[in-house]
């Protein structure tokens, strides 16, 4: 395929922050009276707020707190751990290779703009991306394709020219629904199985190059 742009997810894709978000969700669940041993109790890719109806139903939790309040508490717990968040291995080199090849780079995340701002104080995201799209800009987040379609529109490109890199099943589905091919970046074998619908699976960004993605 002709790749004119690569659209990156943020959490778990650009950032190695799955553990920090998992800990944040577990902390709020514990404060709600539910101790959860599962390392990642949430569903990746769909947004923090969108996880809370599922979690309250799954663990049969009754609370007077709104989804907005639970979201804010979760994000604040995450921000307490933000100093531990790093970029995924090989990301910076891969972005440099893309730009040297004339390929645009964009970010499309279900997360909120103020969280992106907080991360940018540690890792200068605007340095890597030609445009950034956050969850507030669309009516429906992943697995709906809106985030990726809007990002392609901002870039002035057709969907067929864009390739998505994601770490969630919701993101892979969203990319395909947007008419884009998708690479899944996984952390272990179980995670790789979750991402089996991706057009290519990688463990880190050292495993791909502008030439290899053009061959998809």
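Observations
- Cβ-Cβ FRET estimate between residue 39 and residue 118, R0 fixed at 25 Å, reported to 0.05: 0.60
- Once the chain from residue 196 to residue 177 is taken as fully extended at 0.36 nm per residue, the excess over their C-alpha distance is 5.3 nm.
- If R0 equals 35 Å, the separation of the Cβ atoms of residue 59 and residue 207 corresponds to a calculated FRET efficiency of about 0.45.
- Helix 91-100 axis, angle to the chain major axis (alpha carbon atoms, nearest 10°): 30
- On Cα atoms only, tilt of 48-58 relative to the major axis of the chain in degrees: 50
- Structure-derived mean projected area of the Cα convex hull in nm² - corresponding label in (i) 11.1; (ii) 13.0; (iii) 15.9: (i)
- Kirkwood-Stokes translational diffusion coefficient of segment 18-83, alpha-carbon pairs, 10 °C, 1.306 mPa s, µm²/s: 135
- Taking the DSSP bridge list for the chain and keeping only pairs wholly inside it, about 10 percent are antiparallel.
- Projecting label points 7 angstrom from Cα along Cα→Cβ for residue 187 and residue 99 puts them 2.8 nm apart.
- Relative to the longest principal axis of the Cα atoms of the chain, the long axis of helix 18-31 makes an angle of roughly 20 degrees.
Taken together, the values in this text are just the output of simple stated rules run on the coordinates, not laboratory data. This is a predicted model, so every value here is computed, not measured. Counting neighbours? That spans all protein chains shown, and the Cβs are built from the backbone with ideal geometry, glycine included.
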